Amino acid sequence: MITRREMLGRLGALLGMMAASTAATPLSTAARVRAQTAASETLIALTPAEAEIVRAVVARLIPADENGPGALEARADRYIDRALAGALKSSRTAYTTGLADLNARAQAAKGAAFARLSTADQDAVLTTFQTTSAQFFNLIRTHTIQGTFSDPFYGGNANFVGWNLIGYPGARTTVSADLQRLDKKPEPSQKSAYDYAMFSKGEV
């Protein structure tokens, strides 16, 4: 399974031309509270049981660590739930089948539902799942990355933790001379593209 370090390295390379590197934002208490209370939010596409599995999966694909928040704190699970009712609705059936398969494999291999396993056992199940069910594994991994690092308008990247993690300073409509300096890190804008009137807030 691709490691957090490898994933962030690839993303950093892709975004290197967009922003200078910044220090990772520490995992805040508020971020942890948001993650812990996620189950109380109204779901749009996923069932409560499916949402529990998705939260457990995204938490292991990009876990929080000493470098900062992970996919769960960024609310990649919320992004996935919203997107499956909209732009990613063609993947809804794949999620129904794939999440049920993952849970069944966890039960067979470790004797408990995936979300109830220890993180070590979850990683072991996902490592096997990556090989045996590569299509769905790659799908949910792709959506986890999108939910962690995409514009917050789409439900993920809560409080810009994904952008802060990779050093992306946020959306801007103009680039000042100060922002083009190589010897100075740009200040985060803390703005979604849709905070600007020039961008249309279409259906999510």
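With θ taken as phi - 60° and the Karplus curve 6.51 cos²θ - 1.76 cosθ + 1.60 applied, the whole-hertz 3J(HN,Hα) list for segment 50-56 is 5, 4, 5, 5, 4, 4, 5 Hz, x standing for glycine and proline. The label point for PHE153 and the one for THR97, both projected 7 Å from the Cα toward the Cβ, are 3.3 nm apart. Counted residue by residue at 0.36 nm each, then reduced by the alpha carbon distance between them, the extension gain from THR42 to GLN180 reaches 45.5 nm.
Shape verdict for segment 84-203, please, from the Cα gyration tensor: rounded (a/c under 1.5), prolate (a/b greater than b/c) or oblate. In terms of gyration-tensor shape, prolate.
A Stokes-Einstein calculation at 20 °C with viscosity 1.002 mPa s, built on the Kirkwood radius of segment 41-120 over Cα pairs, returns a diffusion coefficient of 163 µm²/s.
Among the trypsin sites (Lys or Arg not before Pro) in segment 156-200, those located in a DSSP loop and surrounded by at most 12 other Cβ atoms within 10 Å of their own Cβ are ARG181, LYS184. Prolate is the label for segment 110-165, because the ratio a/c of its alpha-carbon gyration tensor axes (a ≥ b ≥ c) is 1.5 or higher and a/b is greater than b/c.
Since every read-out is calculated from the coordinates, none of them should be taken as a lab result. Worth saying up front: this structure is predicted, and the values here are computed from it rather than measured. Backbone-built Cβ (ideal geometry, glycine too); neighbour counts: all protein chains shown.
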